[in-house]
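K.L.:
Questions regarding the structure given below will be posed in turn.
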Amino acid sequence: MNKKKKLDGIFRPKSVAVIGASSRKRSLGWEILNNLILSGFNGKLFPINRKADHIHSLKAYKSIMHVKDKIDLAVIAIPASGVLKVVRECGKKGVKGIVVITAGFRETGGAGILLEEKLMKLVRKYNMRMVGPNCMGVINTDEDVKLNASFARVRPEAGKIGFLSQSGALGESILNHAKNLGIGLSKFVSMGNKPDISGNDLIEEWEHDENVDVILMYLESFGNPQKFTKIAKRISRNKPIIAVKAGRTLAGARATISHTGALAGVDVATGALFAQCGVIRVTSIEEMFDVSKAFLAQPVPKNDKVAILSNAGGPAIMATDACVRLGLKVPEFSKETQAKLKKVLPKEAAVSNPIDIIATGGPDRYEAALNILLKDKEIGSIIAVFIPPLTIDAPAVARVIAAASKRTKKTILSVFMAKDEAEEGIQILKTNSVPVYLFPESAAKALSAMVRRRLWLDKPEGKIKRYNPNINRVKNIIKTARRDNRRALTLQESFEVLQSYGIKSLKSLSANSEEETLSNARKIGYPVVLKLDSVKASHKSDIGGVMLDLRSDQEVKEAFKKIKSNAQKAKIRWSDCAILVQEHISDGIETILGVQHNPSFGPLMMFGLGGVHVEVLKDVSFGITPLSDVAAKDMVRYIRGYPMLKGVRGEEAIDEDALVDTLQRLSKFVCDFEDIAEMDINPFLLQPKPKSSVALDARILLTEL
């Protein structure tokens, strides 16, 4: 699909002005102009320097207003104090795009924040687009443009990768690493403070760019996660998006009252976001390039079953361990495949998977084994591992692997574990689009990422269910809490909120005295549960505020007195308390449904095995709202304890459809009400059909006003 590019002024300028161009070598103005010249920019260049007549043998101009020609792109590398003046001139000149290299804006705080706000007002006033400020620049290696408007000393080769980096300092290392690996880039953008052009703008720009096949991102923060989710979900269906997200820990985490708040964090939210929109998350720049070169060269595997072929037992075991650890399957070959392998390999060879053709195995054995593996319909991919003995022709082995890759739709990755001795073979593989790695673990990580993409592509997009909740009832509950100047809802109020959204909770009756409690217990029918209902008791069990399985009037009386005593010991005023009487239910699996409002991502949902030990077990999964049916089902099936939900040792499976529906109802609630800071439904008791799963306890905390 051909769409008109929104950022032509940045990526496809016909003319570029370098404001702050300099004849002083190694200055930013000199490096930028020098890179534009050396890259062979297919357009006009205009150095802007109020003190020079010529720079780099090009005529220099006192200001951009002195240039008679039309200017598409201005690269600004002058002190921050002069930026507003030249940006205003760019606007009057009709410049389409600006790249502000200069630092000294929002990243410095105080006056820098105000300066950046003024800068953005000018950008909007003159309808320009801006990369930066505080960035390294932009690069477009496309043959018809050849733009290197950056101060990077490394000049990348042309390729099919679009790379956006939030770190200018890291940009140089990224470009250098890509060049050392022989990986080319189509576009590179150092975004800087990104008040205008963000990662969302760039991946949208590259969605229909025929010169970008894979999108790579180094991120330190999200600007608009909700917008990113929508865009990335669409684009990742057509192009792999691979991301490194820095800042995996939450420094200075605030205290939380909910289990969800204690278990959630920035990194958890990022992981949930990426998972729901098909972005492949990696842990390092090195892994990012390992994964990207696999996507650039090979088809996505049809399944997660991998065959491992090696001429040494140790590396074969390393590859197997790495694959299994990363969730790939290394299945034993069928009897038919093993029989075929035995015919072409020596009797000492292992043929079950992994295949060890032993150290004397050369190109002939690799070729024979590969021919058999290519015909095995159960296998989706092959990792060919080679340690080059002095007696084996490494280039010949490489040619065999490359030839096999050309005649199959299976994914083939290679591992050559002696770089210097096998350099010629490595180059043959690279030339023939077979990714080659130094160690088996790197190949396994790349293959695992490709399989994750296969699962994403095979997954239906999912639907957001529509519900008709009693919103007014919830509004009134929240209004009452706000009027009483409290953030926490009572347990009874929390149950009413759940019921308003069609989430079943146990029948509960509230009481303020022993007599009323006894009367309510008789109405509900024994056995019953008594719970302290106070906004001051966030974790009732910890202070002895819950009494279970009460079967008589006498037990209820004793439980009431004990709860009252425990509340007073915890220094909770009894006048602020009530006693909630509930039916006692023991059958079912205790789980937790939770929400925490993340300042960057919005409501973050959690599901997992629940009860009092939730923070110890930590068997939980997370999702970003709004939650589709597919995303909700993924949350349920992600936890380690999922087999328990399916039924073990003759037990019935829980009603999974009802659980998925409940998660979506909870998602609808927290999307409707931005007042919700934290929330736990714990335990949420799961039961098999036709019984109903039900909330036994709930805690809702409102945002601060």
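K.L.:
Pick from the range 271-290 the residues that are within 8 Å of the chain's Cα centre (by Cα) and aliphatic (A, V, I, L, M): which of them is surrounded by the most Cβ atoms within 10 Å (Cβ to Cβ)?
P.N.:
It comes out as L273.
K.L.:
Additional query: Can you tell me which residues in the range 150-172 are crowded, with 20+ Cβ neighbours inside 10 Å, under 26 Å from K25 (Cα atoms) and of a type in the set (A, V, I, L, M)?
P.N.:
If the condition is that a residue be crowded, with 20+ Cβ neighbours inside 10 Å, under 26 Å from K25 (Cα atoms) and of a type in the set (A, V, I, L, M), then A152 is the only one that fits.
Listed here are the residues, each with its yes/no results for (1) in contact with a strand residue (DSSP E or B) (Cβ under 9 Å, 6 or more places away or on another chain); (2) at pLDDT below 90.
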{"residue": "E558", "(1), (2)": "yes, no"}
{"residue": "K564", "(1), (2)": "yes, no"}
{"residue": "S575", "(1), (2)": "no, yes"}
{"residue": "V581", "(1), (2)": "yes, no"}
{"residue": "G588", "(1), (2)": "yes, yes"}
{"residue": "L593", "(1), (2)": "yes, no"}
{"residue": "P599", "(1), (2)": "no, yes"}
{"residue": "M605", "(1), (2)": "yes, no"}
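K.L.:
Have a look at V385, V415, V434 and point out the one that is at pLDDT 95 or above, crowded, with 23+ Cβ neighbours inside 10 Å and within 23 Å of K342 (Cβ to Cβ). Explain how you work it out, then say what you get.
P.N.:
On the way: V415 fails: within 23 Å of K342 (Cβ to Cβ); V434 fails: within 23 Å of K342 (Cβ to Cβ).
Of V385, V415, V434, the one residue that is at pLDDT 95 or above, crowded, with 23+ Cβ neighbours inside 10 Å and within 23 Å of K342 (Cβ to Cβ) is V385.
K.L.:
Something else: Quick test for you: out of L491, L506, pick the one residue that is over 36 Å from the mean Cα position of the chain (by Cα) and surrounded by 17 or more Cβ atoms within 10 Å (Cβ to Cβ). Walk me through it before giving the result.
P.N.:
Details: L491 fails: over 36 Å from the mean Cα position of the chain (by Cα).
It is L506.
K.L.:
Looking at D267, D213, which one is at pLDDT below 95, of a type in the set (D, E) and in contact with a strand residue (DSSP E or B) (Cβ under 9 Å, 6 or more places away or on another chain)? Walk me through it before giving the result.
P.N.:
Numbers: D213 fails: at pLDDT below 95.
Going through D267, D213 in turn, just one is at pLDDT below 95, of a type in the set (D, E) and in contact with a strand residue (DSSP E or B) (Cβ under 9 Å, 6 or more places away or on another chain): D267.
K.L.:
Look through K70, K6, K51 and report the one residue that is assigned to a loop (DSSP other than H, G, I, E, B), closer than 23 Å to F188 by Cβ and basic (K, R). Give the steps one after another, and end with the answer.
P.N.:
Details: K70 fails: closer than 23 Å to F188 by Cβ; K51 fails: closer than 23 Å to F188 by Cβ.
Just one listed residue meets the conditions, K6.
K.L.:
Does the range 457-476 contain any residue that is aliphatic (A, V, I, L, M), in a helix (DSSP H, G or I) and closer than 18 Å to V535 by Cα? Let's see the steps before the verdict.
P.N.:
The initial filter retains those residues of the range 457-476 that are aliphatic (A, V, I, L, M), namely 457, 464, 471, 474.
Going one step further and asking which of them are in a helix (DSSP H, G or I), we end up with 457, 471, 474.
Next, from what is left, pick out any that are closer than 18 Å to V535 by Cα: 474.
Yes; the residues of the range 457-476 include at least one that is aliphatic (A, V, I, L, M), in a helix (DSSP H, G or I) and closer than 18 Å to V535 by Cα.
K.L.:
Among (1) in a helix (DSSP H, G or I); (2) free of Cβ contacts under 8 Å to residues at least 12 places away in the same chain, which single condition is K571 missing?
P.N.:
(1)
K.L.:
Regarding the range 102-109, can at least one residue be identified that is basic (K, R), outside any loop (DSSP other than H, G, I, E, B), buried (at least 18 other Cβ atoms within 10 Å of the Cβ) and in the same structural domain as A80 (by TED's automatic domain parsing)? If you could, list the steps in order and put the result at the bottom.
P.N.:
Of all residues in the range 102-109, those basic (K, R) come to 106.
Narrowing the set further to residues that are outside any loop (DSSP other than H, G, I, E, B) leaves 106.
Keeping just the survivors that are buried (at least 18 other Cβ atoms within 10 Å of the Cβ) gives 106.
Pick out the ones that are also in the same structural domain as A80 (by TED's automatic domain parsing) and you get 106.
Yes - at least one qualifying residue is present in the range 102-109.
K.L.:
Kindly establish whether E514 is over 20 Å from S575 (Cα atoms) and among the acidic types (D, E).
P.N.:
Values: over 20 Å from S575 (Cα atoms): no; among the acidic types (D, E): yes.
Answer is no for this residue.
K.L.:
Restricting to the range 301-314, count the residues that are in contact with a strand residue (DSSP E or B) (Cβ under 9 Å, 6 or more places away or on another chain) and surrounded by fewer than 21 Cβ atoms within 10 Å (Cβ to Cβ).
P.N.:
Let us first name the residues in the range 301-314 that are in contact with a strand residue (DSSP E or B) (Cβ under 9 Å, 6 or more places away or on another chain), namely 301-313.
Okay, now just the ones that are also surrounded by fewer than 21 Cβ atoms within 10 Å (Cβ to Cβ), so 302-303, 305, 312-313.
The number of residues fulfilling the criteria is 5.
K.L.:
Looking at (1) of a type in the set (G, A, S); (2) in contact with a Ser or Thr (Cβ under 7 Å, 6 or more places away or on another chain); (3) under 23 Å from I197 (Cα atoms), which is the one condition that is false for G94?
P.N.:
That leaves (2) as the condition not met.
K.L.:
Another one. Can you pull out the residues in the range 686-705 that are touching a helix residue (DSSP H, G or I) at 6+ places or on another chain (Cβ under 6 Å) and modelled with pLDDT under 90?
P.N.:
Passing the criteria: only S693.
K.L.:
Output the residues belonging to the range 424-439 that are over 10 Å from L413 (Cα atoms) and touching a residue at least 40 places away in the same chain (Cβ under 8 Å).
P.N.:
First pass over the range 424-439, keeping only residues over 10 Å from L413 (Cα atoms): 424-428, 430-432, 438-439.
Hits for the range 424-439 are K430, F439.
K.L.:
Just checking, does the range 452-469 include any residue being over 27 Å from K302 (Cβ atoms), in contact (Cβ under 8 Å) with a residue 40 or more places away in the chain and under 21 Å from the mean Cα position of the chain (by Cα)?
P.N.:
Filtering the range 452-469 down to residues over 27 Å from K302 (Cβ atoms) leaves 464-469.
Among the residues that remain, those that are also in contact (Cβ under 8 Å) with a residue 40 or more places away in the chain are: 464-465, 467, 469.
Narrowing further to those that are under 21 Å from the mean Cα position of the chain (by Cα): 464.
There is at least one residue in the range 452-469 that is over 27 Å from K302 (Cβ atoms), in contact (Cβ under 8 Å) with a residue 40 or more places away in the chain and under 21 Å from the mean Cα position of the chain (by Cα).
K.L.:
Criterion first (at pLDDT 95 or above, closer than 14 Å to I101 by Cβ and part of a loop (DSSP other than H, G, I, E, B)) does A17 satisfy it? Steps first, please.
P.N.:
Working: at pLDDT 95 or above: yes; closer than 14 Å to I101 by Cβ: yes; part of a loop (DSSP other than H, G, I, E, B): no.
Spelling it out, it is not the case that A17 is at pLDDT 95 or above, closer than 14 Å to I101 by Cβ and part of a loop (DSSP other than H, G, I, E, B).
K.L.:
Taking the conditions exactly as written (in contact with a helix residue (DSSP H, G or I) (Cβ under 7 Å, 6 or more places away or on another chain), surrounded by fewer than 19 Cβ atoms within 10 Å (Cβ to Cβ) and of a type in the set (D, E, K, R)), does D196 satisfy them or not?
P.N.:
Working: in contact with a helix residue (DSSP H, G or I) (Cβ under 7 Å, 6 or more places away or on another chain): yes; surrounded by fewer than 19 Cβ atoms within 10 Å (Cβ to Cβ): no; of a type in the set (D, E, K, R): yes.
The answer is no for D196.
K.L.:
Continuing with the same structure: Can you list residue pairs whose Cβ atoms sit under 8 Å apart, with the first residue in the range 18-46 being more than 11 Å from S150 (Cβ to Cβ) and the second being among the acidic types (D, E) and not in a helix (DSSP H, G or I)? Count only pairs 6 or more apart in sequence or on different chains.
P.N.:
Correct list of pairs: N42/D144; G43/D72; K44/D69; F46/D69.
K.L.:
Looking only at the range 341-362, how many residues end up being under 25 Å from E378 (Cβ atoms) and surrounded by 15 or more Cβ atoms within 10 Å (Cβ to Cβ)?
P.N.:
Residues flagged as under 25 Å from E378 (Cβ atoms) and surrounded by 15 or more Cβ atoms within 10 Å (Cβ to Cβ) within the range 341-362 amount to 13.
K.L.:
Can you tell me which residue among M120, M65 is in contact with a Pro (Cβ under 6 Å, 6 or more places away or on another chain), among the aliphatic types (A, V, I, L, M), at pLDDT 95 or above and surrounded by fewer than 21 Cβ atoms within 10 Å (Cβ to Cβ)? Spell out the reasoning first.
P.N.:
On the way: M65 fails: in contact with a Pro (Cβ under 6 Å, 6 or more places away or on another chain).
Going through M120, M65 in turn, just one is in contact with a Pro (Cβ under 6 Å, 6 or more places away or on another chain), among the aliphatic types (A, V, I, L, M), at pLDDT 95 or above and surrounded by fewer than 21 Cβ atoms within 10 Å (Cβ to Cβ): M120.
K.L.:
Can we say K233 is more than 15 Å from V75 (Cβ to Cβ), among the basic types (K, R) and outside the structural domain of G109 (by TED's automatic domain parsing)?
P.N.:
On the way: more than 15 Å from V75 (Cβ to Cβ): yes; among the basic types (K, R): yes; outside the structural domain of G109 (by TED's automatic domain parsing): yes.
In short, yes.
To keep it simple, each residue is scored yes or no on (1) closer than 27 Å to K507 by Cα; (2) in contact (Cβ under 8 Å) with a residue 40 or more places away in the chain; (3) touching a Pro at 6+ places or on another chain (Cβ under 7 Å); (4) not assigned by TED's automatic domain parsing to the domain that holds G545.
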site: I579; (1), (2), (3), (4): yes, yes, no, no
site: F601; (1), (2), (3), (4): no, yes, yes, yes
site: L604; (1), (2), (3), (4): no, yes, no, yes
site: Y638; (1), (2), (3), (4): no, no, no, yes
site: I654; (1), (2), (3), (4): yes, yes, yes, yes
site: D657; (1), (2), (3), (4): yes, no, no, yes
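K.L.:
For the range 477-519, give me the residue count where each residue is in contact (Cβ under 8 Å) with a residue 12 or more places away in the chain and not in a helix (DSSP H, G or I).
P.N.:
Selection size over the range 477-519: 17.
K.L.:
Take the residues in the range 473-513 that are of a type in the set (V, I, T) and closer than 27 Å to G525 by Cβ, then tell me which one is modelled with the lowest pLDDT.
P.N.:
First, the residues of the range 473-513 that are of a type in the set (V, I, T): 474, 477-478, 480, 490, 497, 503.
Okay, now just the ones that are also closer than 27 Å to G525 by Cβ, so 490, 497, 503.
Working: T490: 92, V497: 96, I503: 95.
It comes out as T490.
K.L.:
Among the residues of the range 284-313, which ones are modelled with pLDDT of 95 or more and among the small types (G, A, S)?
P.N.:
Of everything in the range 284-313, those that are modelled with pLDDT of 95 or more and among the small types (G, A, S) turn out to be S292, A294, A297, A307, S310.
K.L.:
So, one more: Can you find a residue that is in contact (Cβ under 8 Å) with a residue 24 or more places away in the chain and in a loop (DSSP other than H, G, I, E, B) anywhere in the range 395-402?
P.N.:
No, the range 395-402 has no match at all.
K.L.:
For the range 173-182, what are the residues that are surrounded by fewer than 22 Cβ atoms within 10 Å (Cβ to Cβ) and touching a residue at least 12 places away in the same chain (Cβ under 8 Å)?
P.N.:
Filtering the range 173-182 down to residues surrounded by fewer than 22 Cβ atoms within 10 Å (Cβ to Cβ) leaves 173, 176-177, 179-182.
Once the filter is applied, which keeps residues that are surrounded by fewer than 22 Cβ atoms within 10 Å (Cβ to Cβ) and touching a residue at least 12 places away in the same chain (Cβ under 8 Å), the range 173-182 yields S173, N176, H177, K179, L181, G182.
K.L.:
Moving on. Tally the residues that are among the aliphatic types (A, V, I, L, M) and more than 22 Å from the chain's Cα centre (by Cα), restricting the search to the range 618-659. Walk me through it before giving the result.
P.N.:
Filtering the range 618-659 for residues among the aliphatic types (A, V, I, L, M) gives 620, 624, 627, 630-632, 635-636, 639, 644-645, 648, 653-654, 658-659.
When the remaining residues are screened for being more than 22 Å from the chain's Cα centre (by Cα), the result is 644-645, 648, 653-654, 658-659.
The qualifying residues number 7.
K.L.:
On the basis of being over 36 Å from the mean Cα position of the chain (by Cα) and at pLDDT 95 or above, does P79 make the cut? Walk me through how you get there before you give the answer.
P.N.:
Numbers: over 36 Å from the mean Cα position of the chain (by Cα): yes; at pLDDT 95 or above: yes.
So P79 fits the description; yes.
The values are calculated or read from the model by the stated rules, or taken from the named source; none is laboratory data. None of the values given here were measured: they were computed from a predicted structure. Here Cβ is always computed from backbone atoms with ideal geometry, including for glycine, and neighbour counts include all displayed protein chains.
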